[in-house]
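Participant: Below you will find the structure I want to go over with you.
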Amino acid sequence: EPEVTQTPSHQVTQMGQEVILRCVPISNHLYFYWYRQILGQKVEFLVSFYNNEISEKSEIFDDQFSVERPDGSNFTLKIRSTKLEDSAMYFCASSSQNRVGQPQHFGDGTRLSIL
Amino acid sequence: SQKIEQNSEALNIQEGKTATLTCNYTNYSPAYLQWYRQDPGRGPVFLLLIRENEKEKRKERLKVTFDTTLKQSLFHITASQPADSATYLCALEDDYKLSFGAGTTVTVRA
């Protein structure tokens, strides 16, 4: 069964450094998402992306965050200047259609630790 | 403010029994509600989706109900097995993104 893959599985970065999290969505999917989950808390929406544009973003997704689909397979999340509170699991997800009633397929996440 | 609440953080049950999980929401009018399973250190895995005009949906040993008047969904795992031990997340569709509850962790004892 096709799956969403994320790399690296664990990233340790010094505060203030830039970090790029990478995702390969399911190949025929067109809609892409990033979510994060701080340890012990709920999964929170960050951003959705379609047709090389951000469709929607949450309040968490401020100017320090950006997303990109640099080629036909990868989808990246960049944090420009990391803060301690950015430490979390970051999940990429994709769906085949962006209409209501569609399941989203999640990767196993990147654990980001900011020191 | 919008809120999604799932009942007790943890549910411990004996193998073979039925686990019933509750998801209540306020200030949402979702057309769809989804349930996901999350294992430790893993991403959420889609289980079931139910539409607002459906009262009940089943998949193997799983059953979901959706009552838009009560603003509540119930998720049942029948004939539970130790392999069903995981955290179960309720998610509401809100402008094409998912808003998740905090989850209920189910532990099935052999």
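The values are calculated or read from the model by the stated rules, or taken from the named source; none is laboratory data. Model, not experiment: these values are computed from the prediction. Here Cβ is always computed from backbone atoms with ideal geometry, including for glycine, and neighbour counts include all displayed protein chains.
Participant: Which members of region A:90-115 meet the condition of being surrounded by fewer than 21 Cβ atoms within 10 Å (Cβ to Cβ), part of a strand (DSSP E or B) and of a type in the set (A, V, I, L, M, F, W, C)?
Facilitator: A:ILE114
Participant: Let me ask something additional. Looking at region B:12-50, which of the residues that are surrounded by fewer than 17 Cβ atoms within 10 Å (Cβ to Cβ) and within 14 Å of another protein chain (Cβ to nearest Cβ) is nearest to A:PRO103 (Cα to Cα)?
Facilitator: B:VAL45
Participant: Please work out which one of (1) over 9 Å from the mean Cα position of the chain (by Cα); (2) surrounded by 20 or more Cβ atoms within 10 Å (Cβ to Cβ); (3) more than 14 Å from chain A (Cβ to nearest Cβ) is the condition B:LEU98 fails and give its number.
Facilitator: Against the list (1) over 9 Å from the mean Cα position of the chain (by Cα); (2) surrounded by 20 or more Cβ atoms within 10 Å (Cβ to Cβ); (3) more than 14 Å from chain A (Cβ to nearest Cβ), B:LEU98 comes up short only on (3).
Participant: Separate question: Restricting to region B:44-103, give me the number of residues that are of a type in the set (Gly, Ala, Ser), part of a loop (DSSP other than H, G, I, E, B) and touching a residue at least 24 places away in the same chain (Cβ under 8 Å).
Facilitator: 5
Participant: Tally the residues that are on the phi > 0 side of the Ramachandran plot and within 14 Å of chain B (Cβ to nearest Cβ), restricting the search to region A:31-86. Give the derivation first.
Facilitator: The initial filter retains those residues of region A:31-86 that are on the phi > 0 side of the Ramachandran plot, namely A:40, A:51-52.
Those left that are additionally within 14 Å of chain B (Cβ to nearest Cβ): A:40, A:51.
Here the count works out to 2.
Participant: Among the numbered criteria (1) at pLDDT 95 or above; (2) under 10 Å from the mean Cα position of the chain (by Cα), which one does A:LEU115 miss?
Facilitator: Of (1) at pLDDT 95 or above; (2) under 10 Å from the mean Cα position of the chain (by Cα), only one is false for A:LEU115: (2).
Conditions tested, residue by residue: (1) of a type outside the set (S, T, N, Q); (2) modelled with pLDDT of 95 or more; (3) surrounded by 13 or more Cβ atoms within 10 Å (Cβ to Cβ).
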residue	(1), (2), (3)
A:VAL4	yes, yes, yes
A:GLN14	no, yes, no
A:LEU30	yes, no, yes
A:TRP34	yes, yes, yes
A:GLY40	yes, no, no
A:VAL43	yes, yes, yes
A:LEU46	yes, yes, yes
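Participant: When B:GLU9 is evaluated against the numbered criteria (1) surrounded by fewer than 19 Cβ atoms within 10 Å (Cβ to Cβ); (2) within 23 Å of A:GLN104 (Cα to Cα); (3) within 14 Å of another protein chain (Cβ to nearest Cβ); (4) not aromatic (Phe, Trp, Tyr), which criterion, by number, is the only one it fails?
Facilitator: In the conditions (1) surrounded by fewer than 19 Cβ atoms within 10 Å (Cβ to Cβ); (2) within 23 Å of A:GLN104 (Cα to Cα); (3) within 14 Å of another protein chain (Cβ to nearest Cβ); (4) not aromatic (Phe, Trp, Tyr), B:GLU9 misses (2) alone.
Participant: Is it fair to say A:SER73 is part of a strand (DSSP E or B) and either surrounded by 13 or more Cβ atoms within 10 Å (Cβ to Cβ) or within 15 Å of the chain's Cα centre (by Cα) (or both)? Give the derivation first.
Facilitator: Working: part of a strand (DSSP E or B): no; either surrounded by 13 or more Cβ atoms within 10 Å (Cβ to Cβ) or within 15 Å of the chain's Cα centre (by Cα) (or both): yes.
When the stated conditions are applied, A:SER73 does not pass them.
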